[in-house]
1. Every residue in the stretch 117-137 that is more than 10 Å from the chain's Cα centre (by Cα) and closer than 16 Å to Glu50 by Cα, please.
2. Would you pick out the residues in the stretch 90-127 that are in contact (Cβ under 8 Å) with a residue 12 or more places away in the chain and outside any helix (DSSP H, G or I)?
3. If you go through the stretch 128-140, how many residues are without any contact (Cβ under 8 Å) to a residue 12 or more places away in the chain and either within 22 Å of Arg45 (Cα to Cα) or touching a Lys or Arg at 6+ places or on another chain (Cβ under 9 Å) (or both)?
4. Taking the stated definitions as given, is Lys160 modelled with pLDDT of 85 or more, basic (Lys, Arg) and surrounded by 12 or more Cβ atoms within 10 Å (Cβ to Cβ)?
5. So how many residues does the stretch 17-33 have that are open to solvent by less than 80 Å² (accessible area, probe 1.4 Å), β-branched (Val, Ile, Thr) and farther than 26 Å from Lys135 by Cβ?
6. So, Gly152, is that one on the phi > 0 side of the Ramachandran plot, at pLDDT below 90 and assigned to a helix (DSSP H, G or I) or not?
7. Out of Leu99, Leu55, which single residue is surrounded by 17 or more Cβ atoms within 10 Å (Cβ to Cβ), at pLDDT 95 or above and under 19 Å from Asn43 (Cβ atoms)?
Amino acid sequence: MDATVLAAILSSSVIAAIISGVVAKRTNDKNMSLKYITEERANWRKTIKENTALLYSQIYSKDQDEGKIRELITHLIVSLNPSENEDNNKLDIEIKNTLVAIEKGERDYKKLEHLRDCISVLMKHDWERSKNETKGFGDKKSEDDIKQQTLGEKFYAKQKNKEMQ
């Protein structure tokens, strides 16, 4: 075999190995990041659910602990991510406002039921976003589709209509 042919084969093999290594590293880094984010979001959902259930049990308890109720409400509020722009985050703002009303003493069944419904929508939306992030490029839904599917008209459609004008 000629030295030039051997050099060409070796150099192309080295280039292929380098490209393969770079691609493998990027893929691994992306997978590790996705795994970490997915686990943290699962922990966040679990914490929200647990704190909401504890809040309900405190409010319906014969021996209400006002300090514990305020602590749980605070944990829930600081776990949300409300935006300054109300149109971008109607659901988080609605949950925050409901929690503040509960903290001020509005603890009727309808208010608590509204909180539970809003938290359920938030959990569904986050779950669908998490599932979508793990899908391959061709299988992913758009953020708009996920918001429309999970948040519905009450928390998303009005925003979408406003943007179109």
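The values are calculated or read from the model by the stated rules, or taken from the named source; none is laboratory data. Model, not experiment: these values are computed from the prediction. Glycine gets a Cβ as well: all are built from the backbone with ideal geometry, and neighbour counts include every protein chain shown. What goes into the accessible areas is simple: the full protein's heavy atoms, side chains included, and nothing from ligands, DNA or RNA. Shrake-Rupley method; radii C 1.70, N 1.55, O 1.52, S 1.80 Å.
1. Answer for the stretch 117-137, where residues must be more than 10 Å from the chain's Cα centre (by Cα) and closer than 16 Å to Glu50 by Cα: Asp117, Cys118, Ile119, Ser120, Val121.
2. If the condition is that a residue be in contact (Cβ under 8 Å) with a residue 12 or more places away in the chain and outside any helix (DSSP H, G or I), then Arg107 is the only one that fits.
3. 3
4. no
5. 0
6. Values: on the phi > 0 side of the Ramachandran plot: yes; at pLDDT below 90: yes; assigned to a helix (DSSP H, G or I): yes.
Spelling it out, Gly152 is indeed on the phi > 0 side of the Ramachandran plot, at pLDDT below 90 and assigned to a helix (DSSP H, G or I).
7. Exactly one residue qualifies, and that residue is Leu55.
The rows are residues; the columns are (1) exposed (fewer than 13 other Cβ atoms within 10 Å of the Cβ); (2) over 16 Å from the mean Cα position of the chain (by Cα); (3) at pLDDT below 85.
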residue	(1), (2), (3)
Leu10	yes, yes, yes
Ile15	yes, yes, no
Tyr36	yes, no, no
Glu40	yes, no, no
Asn51	no, yes, no
Ile59	no, yes, no
Lys62	yes, yes, no
